[in-house]
1. Over region 1-70, what percent of the accessible surface lies on carbon and sulfur atoms, probe 1.4 Å?
2. What accessible area per residue, rounded to a whole number of Å², is obtained for region 113-249 using a probe radius of 1.4 Å?
3. Roughly how many debye, to the nearest 20, is the charge dipole of the chain about its Cα centre, given +1 on each Lys and Arg Cβ, -1 on each Asp and Glu Cβ, and no other charges?
4. In the chain, if the dipole is taken from +1 on Lys/Arg beta carbons and -1 on Asp/Glu beta carbons about the Cα centre, which of 69, 85, 109 is farthest to the positive end?
5. Could you tell me which residue out of 136, 20, 201 lies farthest along the dipole of the chain toward its positive end? Charges go on the beta carbon: Lys and Arg +1, Asp and Glu -1, centred on the Cα centre.
6. At a Förster radius of 45 Å, what calculated FRET efficiency corresponds to the Cβ-Cβ distance of residue 198 and residue 120, to the nearest 0.05?
7. In what sequence, highest mean first, do 26-39, 62-75, 167-180 appear when ranked by Cβ atoms within 10 angstrom?
8. R0 = 30 Å: FRET efficiency of residue 80 with residue 131, Cβ-based, nearest 0.05?
Amino acid sequence: MTDPEIPPLHDDLIFHGPLSESRADQLVRSLGPLAGRHVVDLGCGWAEFLLRAVATDPTATGHGVDLDQAAIEHGRAAASARGLGTRVTLEVGDAGAWSGSADILIVNGASQVFGGEPTRHTVNALEAGKRLLRPGGRLLLGEGFWEREPSAENLRRMPITREEYRSMADLVDLTTEHGYRPLWISQASLDEWDTFQSQHALGWEKWLSTHQGHPAFDEVKAKADTHRSFWLHGWRTVLGMAYLTLALA
């Protein structure tokens with residue numbers, strides 16, 4: 001059975017990740033002056049962060065790539081509504097195969113777009129930055145890390161292996177080993193995580209509340225319950241999200 005029509009995530013979320021508006025503003029500032037800079041967001045979703053970054057300077061331009069056509073269409077409508085339609089282009093496509101160049105590269109919770117084994121995703125994103133960034137470029141990397149060592153029970157209750165992530169210190173060390181210098185280091189708060197997870201699940205819950213008796217009701221309910229179990233019994237207070245602004249050394 002195919003999934004029923006569920007409201008898109010952007011109906012209830014601002015950013016597709018544990019990111020508050022105040023932290024997003026700080027991350028944009030961490031990128032430095034954007035005058036004349038070309039900002040590229042790979043795995044951009046509906047490109048909310050990209051739009052906010054480009055909006056800070058009238059000479060900045062942006063480009064985003066994502067496989068989700070509905071998200072890209074939503075982002076295009078937002079860009080047009082904010083007067084950014086001539087400065088931001090959004091493309092439906094394979095973000096990991098994009099081969100242009102950028103002054104600022106954003107890979108926020110999307111290192112998987114570069115493919116390969118999950119244990120290589122972060123390294124692949126760092127290597128992509130070195131290929132795609134112009135001299136003096138910066139990479140904004142949003143990446144998971146173990147906020148505390150996951151127990152065997154945590155790992156049993158979430159679809160993530162221990163080897164996929166590392167500690168914050170090891171994550172930052174990895175970036176320096178690959179030729180970057182960290183300019184800004186922060187992490188999502190528990191409140192940002194809880195807000196994101198609650199808003200993420202809201203589309204399912206709204207659909208369930210109005211579709212009793214629908215042939216797909218049990219399927220959607222199981223999906224929502226499984227995701228909530230992953231969150232509450234698996235990664236809550238265990239898996240962190242790091243936001244790293246990195247300069248090529």
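1. 53
2. Value for region 113-249: 49 Å² per residue.
3. Dipole about the Cα centre, nearest 20: 640 debye.
4. Farthest towards the positive end: 85.
5. 136
6. Computed FRET efficiency for residue 198 and residue 120 comes out at 0.90.
7. So the peptides 26-39, 62-75, 167-180, ranked by packing, come out 62-75, 26-39, 167-180.
8. 0.45
The values are calculated or read from the model by the stated rules, or taken from the named source; none is laboratory data. Note that the structure is a prediction, hence the values are computed from the model and not measured. Backbone-built Cβ (ideal geometry, glycine too); neighbour counts: all protein chains shown. Surface accessibility is based on the protein's heavy atoms, side chains included, excluding ligands, DNA and RNA. Shrake-Rupley method; radii C 1.70, N 1.55, O 1.52, S 1.80 Å.
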